[in-house]
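The values are calculated or read from the model by the stated rules, or taken from the named source; none is laboratory data. The shown structure was predicted, so the numbers you read here are calculated from the model rather than taken from an experiment. Positions of Cβ are backbone-derived with ideal geometry, glycine not excepted, and every protein chain shown enters the neighbour counts. Note: areas computed on protein heavy atoms with side chains; ligands, DNA, RNA excluded. Shrake-Rupley method; radii C 1.70, N 1.55, O 1.52, S 1.80 Å.
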Amino acid sequence: MASKKIEFSKSNNRFSSNCLSQLIALAIPSERGIYKPPLQKEEELVSNLLQVHSYPKVLFVGNTRFRTRKELNGWLNEMKIHGRREWILKNERIISFHNLTEYPWSEISDRGTIEDFESREWSESEDKDKCREWVELLNTCLREKLYREGVRFQSEYPFKLYYFIANKDGKPRQYRYHSQQKQSSREVVKLLTNKKTGNIMCYRHSAMEGRFQRFDSLWYLEVSPTYFYSIDGINPYPYHGDQLAGVKRLERNESVLGQLIMWERLLTDRGDIFRPEYTMLRFDGLTRQIVNLGIVDELWLPVEEGAEPDDEEFESGGSLL
């Protein structure tokens, strides 16, 4: 038998401007759902696509004796040639943004077979093989660009993501950048400790999955913010999947948006007098659109019992498309 006793809390049941979600919940019929029209509110939608602004206009193709990337990288390391990894090997050929007629590339390729082409013969091609080669070339540029910022590519299964590496001293790492409204910073490598023992459990790295896409002959980088968990700042944490699922369950729109803005600032950074800009691959900023309808997350997303707010300072006033 249902109790006829009414329980009232002065703090939780106070009629105020914050009780809208509770009133809506009371109005929902038990036998069916309820339609809630979009609220009339101005909201900024942010796409997670960064348009490729520029890349080398010419690429070079030539025959080579090297068959694997590992083999050629080993030779470059022996010659003490660092960086300059913007090339791929296909069908006994090297395809590169570097001039293969110049050293050290002239030592790698058969000079009599070297040809140069306009890059658009690959970037605008409908041929599937050329499209794959073009995407591979763009990825080599992206890895080189981010490597200079202390971001590494983790390719071992099941990972395919870019993540901030830890400081050599093992301390948390901050990344400072200019956000939408002010100068901000984010803890991109954080030490997670066992709450009972206080021992270091693992490292949490800010990370992203990056995938090149073509729309209407234009190339974009699709940025999907995520996290990478390691046991020592390098090697994957055995319970990475459990940790990732937990933080994703608690994340809200503003959290993901804040990470996306950080990656935008990093990828569109033009450098300064102390840090020369990486010029082989440039991006434009994220596409933004102001709309007059919006969704109040608090009305739709349940708050999990025991959930703790993230310690980062997130952007506000926008939503992901």
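Being outside any strand (DSSP E or B), among the aromatic types (F, W, Y) and open to solvent by less than 30 Å² (accessible area, probe 1.4 Å) is true of F159.
For segment 42-74, the candidate set comprises residues that are in a strand (DSSP E or B) and polar (S, T, N, Q); within that set, the residue that is nearest to M262 (Cα to Cα) is N48. Considering (1) modelled with pLDDT under 90; (2) open to solvent by less than 90 Å² (accessible area, probe 1.4 Å); (3) under 25 Å from L89 (Cβ atoms), the lone condition that L146 does not fulfil carries the number (1).
Every residue, every condition in (1) over 30 Å from H98 (Cα atoms); (2) in a strand (DSSP E or B); (3) modelled with pLDDT under 80; (4) aliphatic (A, V, I, L, M), yes or no:
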site: G285; (1), (2), (3), (4): no, yes, no, no
site: E298; (1), (2), (3), (4): yes, no, yes, no
site: E304; (1), (2), (3), (4): yes, no, yes, no
site: A307; (1), (2), (3), (4): yes, no, yes, yes
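Considering G198, G246, G233, the condition of being open to solvent by 40 Å² or more (accessible area, probe 1.4 Å) and not in a strand (DSSP E or B) is satisfied by G198 alone.
If you go through segment 108-129 and keep only what is in a helix (DSSP H, G or I), touching a Lys or Arg at 6+ places or on another chain (Cβ under 9 Å) and farther than 23 Å from N73 by Cα, you end up with R120, E121, W122, S123, D129. The set of residues in segment 209-230 that are loosely packed, with under 13 Cβ neighbours inside 10 Å and of a type in the set (S, T, N, Q) comprises Q213, S217. Of the residues screened, L89 is not one that is touching a residue at least 12 places away in the same chain (Cβ under 8 Å), farther than 21 Å from L221 by Cβ and open to solvent by less than 20 Å² (accessible area, probe 1.4 Å).
Exactly one residue out of S96, S106, S123 is modelled with pLDDT under 95 and not aromatic (F, W, Y): that is S106.
Considering (1) open to solvent by less than 20 Å² (accessible area, probe 1.4 Å); (2) more than 18 Å from the chain's Cα centre (by Cα), the lone condition that R186 does not fulfil carries the number (2). Looking across segment 249-276, the residues that are of a type outside the set (D, E), open to solvent by less than 40 Å² (accessible area, probe 1.4 Å) and either over 18 Å from M208 (Cβ atoms) or part of a loop (DSSP other than H, G, I, E, B) (or both) come down to T268, G271. Checked against (1) among the hydroxyl-bearing types (S, T, Y); (2) under 19 Å from the mean Cα position of the chain (by Cα); (3) under 21 Å from I231 (Cα atoms), T197 passes all but condition (2).
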